[in-house]
1. For the chain, modelled as a GNM with alpha-carbon contacts under 10 angstrom, which of Gly151, Gly58, Gly191 fluctuates the most?
2. Counting only helical runs of four or more DSSP H residues, what would the 222 nm mean residue ellipticity of the chain come to if each run contributes -39,500 (n - 2.57) and the total is spread over all its residues?
3. Match the structure shown to one of the listed values (1) 15.6, 42; (2) 16.3, 48; (3) 20.0, 66 of Rg and Dmax of the Cα atoms in Å, computed from it, and give that label.
4. Would you be so kind as to identify which of Pro122, Ile67, Trp8 lies farthest towards the positive end of the dipole of the chain, taking Lys and Arg as +1 and Asp and Glu as -1 on Cβ and the Cα centre as origin?
5. Just how many pairs of Lys in the chain have C-alpha atoms closer than 28 Å, counting pairs that are eight or more places apart or on different chains?
6. Could you list which residues have their amide H under 5 Å from that of Cys155, counting only those 5 or more apart in sequence or on another chain, with H placed in the peptide plane?
7. So for each of 80-90, 61-71 I average, over its residues, the number of other beta carbons within 10 Å; can you give me the resulting order with the highest mean first?
8. As a test, work out the antiparallel percent of DSSP beta bridges whose residues both lie in the chain, rounded to the nearest 5.
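Every number here is computed from the coordinates shown, using simple stated rules; none is lab data. Remember, predicted model here, so these are calculated numbers, not experimental data. Counting neighbours? That spans all protein chains shown, and the Cβs are built from the backbone with ideal geometry, glycine included.
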Amino acid sequence: MNEFHDHWQRVYGKKAETSVSWYQATPARALASVREIAPSLEASIIDIGGGASTLVDGLLEVGYTDITVLDIAAAALEKSKARLGARAAHINWMAADITSWSPSRTWDVWHDRAAFHFLTTPENQTRYLNALERGTKAGSHVIMSTFALDGPDRCSGLPVQRYSAQTLAQKVSPLFKLMEESQEQHLTPWGATQSFTFAVFVRS
C-alpha cells in the first residue's frame, strides 16, 4: 500500500459515502450498460475502485451472481458491507491497490468509474493496464468513466488525468476497441456539475 491508501482510508474514515463529490444514489448509466453488454446473470463483473459505490446494490437487485468489488481503502468496502447487510455475503470484496494487484482470474465486465483518472504517472497507468490485461479475456468488456477534458483537474485534494473517449482508447489499444462513448454531467451532492467521459470497450 502507499500514500493513496492512506489518503482514501482517511477520506472514508471521515466522510459519509453520500457526502463525497462522486456519490451517485443510483448509477443508472453504468448499470444499464452492464445489463446491455452482459445480459446473462451469470456474467462475472468487477468494479474497480467501487468501495462505497451503490453499483453493487443495483447489480444484486438485477440478479447478477458473480460480483467482485475492489478498492484500495478497506474503509470504503466496510461502508458498502454495512449498507448491504446480509446481502454483502454474496459479494467478493477485495482490498487491494490496483497498481500492485495481480488478478488471479478474468471477468466478463471490468467497470471503473473514476479510479483510473487518479493515476497520473506513466508508471502507475502501465501497472493498471497490466492488471486490466490479466483480468480480462477475448470478448470481455471494459466500462470506464473519467473526468472529461473540460472536467475538474483535481478531486478529493488529488490531481487527476482528464480524458476524452479517444485518448482513453489510445491508452487501452490495441487490445481493446472503443464501442460506445458519451459525456455525462454529474451533479455532486452540493449541486456542482462535473463533466465525465463515459466509454465502453471490448477486448479482441
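1. Of the options given, Gly191 has the highest mean-square fluctuation.
2. -9000 deg cm²/dmol
3. After the calculation, the listed value that fits is (1).
4. Farthest towards the positive pole: Trp8.
5. So the count works out to 6.
6. HN-HN under 5 Å from Cys155: Val160.
7. 61-71, 80-90
8. Roughly 50 percent of the beta bridges in the chain run antiparallel, per DSSP.
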